[in-house]
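The values are calculated or read from the model by the stated rules, or taken from the named source; none is laboratory data. Bear in mind the structure is a predicted one, so any value in this text is a computation, not a measurement. A quick note on method: Cβ atoms are made from the backbone with ideal geometry, for glycine too, and the neighbour counts reach across all protein chains shown. Accessible surface areas use protein heavy atoms only, side chains included; no ligands, DNA or RNA. Shrake-Rupley method; radii C 1.70, N 1.55, O 1.52, S 1.80 Å.
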Amino acid sequence: MQYLEIGQIVNTFGIKGMVKVVPYTDDIERFDDLKKVYVVNKKTRREYEIQEVKYHKNMVLIKFKGIEKVEEAQNLRNSYLEIDRKDAKPLEEGVYYIVDLLGLEVYTEEGKLLGKIDDIYNTGSNDIYVVKDNLGKQVLLPAIKEVIKQVDLENKKIIVHICLLYTSPSLRDM
């Protein structure tokens, strides 16, 4: 994929054409390094130069060059922000872009196919990988090193360790 989605414009901010963005990045200050972004909606992808970036309550406030009025900024609501993949910051070892993980096949250490990564969401302490099989059955896996043993982007697969807990019938009746 050539582009990475980094946020969504959810509203305007103030009267001078700023937009309020929900960031899709762990490093919110990453926006300080951006010079341009693509604003994408169902119809268009347009490049905008960033004039100013501020932060407010875990949101990113962006002023685009050429957007001077709140009415102009209003037209950008619900659009997504993307950057060229080549402009992305390098990630630490063991950290991946969500877009690169979606669709990967997930296997147990024993070689059993569980399904494919269908979605990823963050609980605050760690990500949860939603693995869906061909029948639509889901398995939720915490993205922690005890469970995720190997991510192989080249071969499009993930190896996981699954520990099933068993409670004896006598304990379940308590």
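Before moving on, here are some points about what is shown:
- When the residues PHE64, PHE13 are ordered by accessible surface, computed with a 1.4 Å probe over the protein chains alone, the sequence from largest down reads PHE13, PHE64.
- The stretch between ASN155 and LYS43 holds 37.0 nm of extra length on full extension. This uses 0.36 nm per residue minus the Cα-Cα distance.
- Percent accessible area from carbon and sulfur atoms, the stretch 1-49, protein chains only, probe 1.4 Å: 46 percent
- Solvent exposure of the chain, expressed per residue, is 68 Å² of accessible area, with all protein chains present and a 1.4 angstrom probe.
- 13 Å beta-carbon shell around CYS163, net charge (K/R +1, D/E -1): -2
- Phi-based couplings in Hz for the stretch 120-136 (Karplus 6.51, -1.76, 1.60; Gly and Pro marked x): 9, 9, 9, 9, x, 8, 6, 7, 10, 8, 8, 9, 10, 8, 5, 8, x
- For the chain, the mean residue ellipticity at 222 nm estimated from helices alone is -1000 deg cm²/dmol, where every DSSP H run of n ≥ 4 contributes -39500 (n - 2.57) and the total is divided by all residues, rounded to the nearest 500.
- Residue with peak Gaussian network fluctuation, the chain [Cα springs, cutoff 10 Å], from ASP133, ASP26, ASP84: ASP26
- Legend: distances between Cα atoms for LYS35/LYS89; LYS42/LYS137; LYS20/LYS63; LYS63/LYS86; LYS35/LYS65; pairs beyond 21 Å are LYS42/LYS137; LYS63/LYS86.
- Within the chain: Cβ-based charge dipole about Cα centre, in debye rounded to nearest 20 (Lys, Arg +1; Asp, Glu -1): 700 debye
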